[in-house]
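Student: Structure provided below as structure tokens; questions to follow.
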Amino acid sequence: MMKKKLLISIDENLDRDFRSFLAHKYGKVERGLISNEIAEAIKYWISIHTQEHKLDERRIVIKPRHLKVWMQIKDYLLMNYYQELKTGQEINGRHLREAISVIRGSDKRTIKKWLNLFRRFGYIEHVTGAIWRIRQ
């Protein structure tokens, strides 16, 4: 495949961060690596923008991140504690917190954030004490 030179100017901080990222990813920055990574980034950028048009044409709804995380939490709960999770079922808050800490992180603020998001979007509701109810 024939290669074409592309001269671009980027911010010094972005250049430094990019080279640092490559050094971390590959252990070193060697000849051709930057070009290959930039080419991959451009391909990815093109695919995202062409997919977006295809998605609009097909009217496919992309799931929000909180729904994806909720599905991961439910999968964890099913694998570790419950045989099924259905609407109206009550679950132990300790299990829910454990699942969040494994999937998203164990910091108290992270757990609180995800509990609030799940409650706000109607996936769960607090019943009492350590008891939560599945709503979706």
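Laboratory data are not the source of any read-out in this text; all were calculated from the coordinates shown. Keep in mind that this is a model prediction, so the values were computed, not measured. We place every Cβ from the backbone using ideal geometry, glycine too, and count neighbours over all the protein chains shown.
Student: Please order VAL102, VAL29 by the number of other Cβ within 10 Å, starting at the fewest.
Tutor: VAL102, VAL29
Student: Cross-chain or 8 or more residues apart, Cα under 24 Å: how many lysine pairs in the chain fit that? Count them up, please.
Tutor: 25
Student: How would region 65-134 be classified by its alpha-carbon gyration tensor: rounded, prolate or oblate, with rounded meaning a/c under 1.5 and the a/b versus b/c comparison settling the rest?
Tutor: Note, shape of region 65-134 comes out rounded.
Student: Picking from TRP70, TRP45, TRP114, which is most flexible by a Gaussian network model of the chain using Cα springs under 10 Å?
Tutor: TRP45
Student: Just for the Cα atoms in the chain, what are the lengths along the principal axes, largest first, rounded to whole Å?
Tutor: Principal extents (Cα only, largest first): 63, 39, 27 Å.
Student: Something else now. Give a residue-ordered list of calculated ³J(HN,Hα) values for region 118-127 (Karplus: 6.51 cos²θ - 1.76 cosθ + 1.60, θ = phi - 60°; whole Hz; x for Gly, Pro).
Tutor: 4, 5, 4, 8, x, 7, 9, 9, 7, 8
Student: For the chain, what does the helix formula give at 222 nm: sum of -39500 (n - 2.57) over DSSP H segments with n ≥ 4, over the residue count, nearest 500 deg cm²/dmol?
Tutor: -20000 deg cm²/dmol
Student: Starting from the Cα-Cα distance between LEU14 and ARG65, subtract it from 0.36 nm times their residue separation and give me the gain in nm to one decimal.
Tutor: Between LEU14 and ARG65, full extension yields an extra 15.7 nm.
Student: Sticking with this structure for a sec: So for GLU30, GLU84, fewest C-beta neighbours within 10 Å to most, what's the order?
Tutor: GLU84, GLU30
Student: Restricting to Cα pairs below 8 Å that are 6+ residues apart, what does the relative contact order work out to for region 65-134? Please round to a whole percent.
Tutor: Computed over region 65-134, the figure is 37 percent.
Student: Compute the relative contact order of the chain as a whole-number percentage, counting only Cα pairs closer than 8 Å that sit 6 or more residues apart in sequence.
Tutor: Working: 85 pairs, mean separation 24.7, N = 136.
Reported relative contact order: 18 percent.
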